[in-house]
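Peer 1: Before we start, here is the structure in question, set down as structure tokens.
All of the numbers you see were taken from the coordinates with simple rules; none came from a lab. Small disclaimer: the values here were computed from a predicted structure and weren't measured. Neighbour counts run over all protein chains shown; Cβ positions are idealised from the backbone, glycine included.
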Amino acid sequence: MAASSETIAMRSGENLPLDTLRDYLRGKIEGAERGIELQQFPNGHSNLTYLLRIGGRDYVLRRPPLGPVAPKAHDMVREYHVLRAVHPHFPEAPEAFLVCEDTAVLGAPFFVMERRHGAVLREEIPHAIADIPDHPRKISEAFLDTLVRLHAIDASTGDVSLLGKPEGYVERQVRGWADRWERAKTAEVTEMDHVVRWLAARVPPPARPSLIHNDYKLDNIMLASGTPDRVEAVLDWEMATIGDPLSDLGLTLCYWTWATDPDVRVAGIPALTAGPEWYTRDQLVARYAERTGRDVTHIGYYEVLGVFKLAVIIQQIYSRFHRGQTQDERFENFAARATALAKRAAWLVERYGML
């Protein structure tokens, strides 16, 4: 199956056994008995995402990365159940159709969901959107307002309430991510030790809990085709839970940055939002506070927490490369990226005057 403009040639070692997959899907997805086609999407540094075509209809298949993975990371079964719980309340969450926990099929659990069509913004803005006047402001507002609507969902309702335990959420986050750092680090990074101690000592008062995405960033939303002010889909739900909504906003701020920040550029974070007319981070926070009525006094803490978590995620990916569990050369400089983010987190602590 030839790659389309949205997909790539299959990366070495990431092919899936088509005959085995077809046999498994037979009787579960209409048309699978007549054959399936597979392409690979280029995005993502961890989970593998494929375009699956069956009977003239497109689906998306997601599975964990190859080789050993960190405990509780890349949980495709959980992501499937998150989507099943969230989709009825939040249509931007794609509908999930099928989950397979039998590792004999593809070597790891996987799930199949609907494919949405639109624009995912990474390194550049598609011409159809870039030609629309005032598109940076419109995208900024659509992006932020979608997060506001997500946080407005009643987290005590139905299956959504089963997605997490909000009590002590931030404390658990600090402890858990600090433990992940200790297991993944390949060198000592003094800044991370300082940041962990500070986070543990300065936990803000608990906020009213909500459903949170936990990786809400520009390239995890899909804009409706040719439209800068409507979000078609929110992607990558594996870390969604019930918790402190400001932790969602804090992580978002980590990605919403300026191209002139050297640590952030070394960390490899795209700088689309550094251009003119995009919302600043202060504008995002102000709009969030206005739309939700939430107290954002402690947003600096949550931004530090977000950068810290991002540094750990990058280091976990590098650790797999360092140990030879993946040969993907994209990960070769991830240790430097993680260190840059650690320095960024320490700088933020100083900037907010909270040492």
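Peer 1: Using the crude model of +1 on Lys and Arg Cβ and -1 on Asp and Glu Cβ, and no other charge, please compute the dipole size for region 18-114 relative to its Cα centre, in debye to 20.
Peer 2: 80 debye
Peer 1: Given the options Leu253, Leu341, Leu48, which has the most mean-square fluctuation in a GNM of the chain, springs set between C-alpha atoms less than 10 angstrom apart?
Peer 2: Highest fluctuation among the options: Leu48.
Peer 1: Once you sort the root eigenvalues of the Cα gyration tensor of region 18-114 as a ≥ b ≥ c, which label holds: rounded (a/c under 1.5), prolate (a/b larger than b/c) or oblate (the other case)?
Peer 2: The shape class here is oblate.
Peer 1: Considering the options Leu66, Gly31, Leu284, tell which one lies farthest towards the positive end of the dipole of the chain, charges being +1 on Lys and Arg and -1 on Asp and Glu at the Cβ, about the Cα centre.
Peer 2: After comparing all options, I get Leu66.
Peer 1: Report the local net charge at Ala96: Lys and Arg +1, Asp and Glu -1, summed over other residues whose C-beta lies under 9 Å from its C-beta.
Peer 2: -2
Peer 1: Once whole DSSP H runs in the chain are found, which of them have Cα atoms spread over 20 Å or more along the helix axis and a mean Kyte-Doolittle score of at least 0.0?
Peer 2: 299-322, 334-351
Peer 1: Moving to a separate point now. Radius of gyration and Dmax for region 127-351's Cα atoms, expressed in Å?
Peer 2: 17.6, 48
Peer 1: Something else about it: Over the chain, with a Gaussian network built from C-alpha contacts below 10 Å, which listed residue (Gly35, Gly243, Gly164) shows the highest mean-square fluctuation?
Peer 2: Comparing Gly35, Gly243, Gly164 in a Gaussian network model of the chain, the most mobile one is Gly35.
Peer 1: In addition: Less than 15 Å Cβ to Cβ from Asp145, Lys/Arg counted +1 and Asp/Glu -1: what total charge do the surrounding residues give?
Peer 2: Result for the neighbourhood of Asp145: +1.
Peer 1: In addition: Cα centroid distance between region 157-205 and region 86-152, in Å?
Peer 2: The two parts, judged by their Cα centres, are 26 Å apart.
Peer 1: Within the P(r) computed for region 65-224, what percentage of the Cα pairs occupies the region above 18 Å?
Peer 2: 72 percent
Peer 1: Quote the relative contact order of the chain in percent (integer), defining contacts as alpha-carbon pairs under 8 Å separated by 6+ residues.
Peer 2: Over the chain, the number comes to 17 percent.
Peer 1: Which order results if Val60, Val307 are arranged by neighbouring Cβ count within 10 Å, fewest first?
Peer 2: The order, fewest Cβ neighbours first, is Val60, Val307.
Peer 1: Kindly count the pairs of lysines across the chain whose alpha carbons are less than 30 Å apart, treating pairs on different chains or eight or more residues apart as eligible.
Peer 2: Final tally of qualifying lysine pairs is 17.
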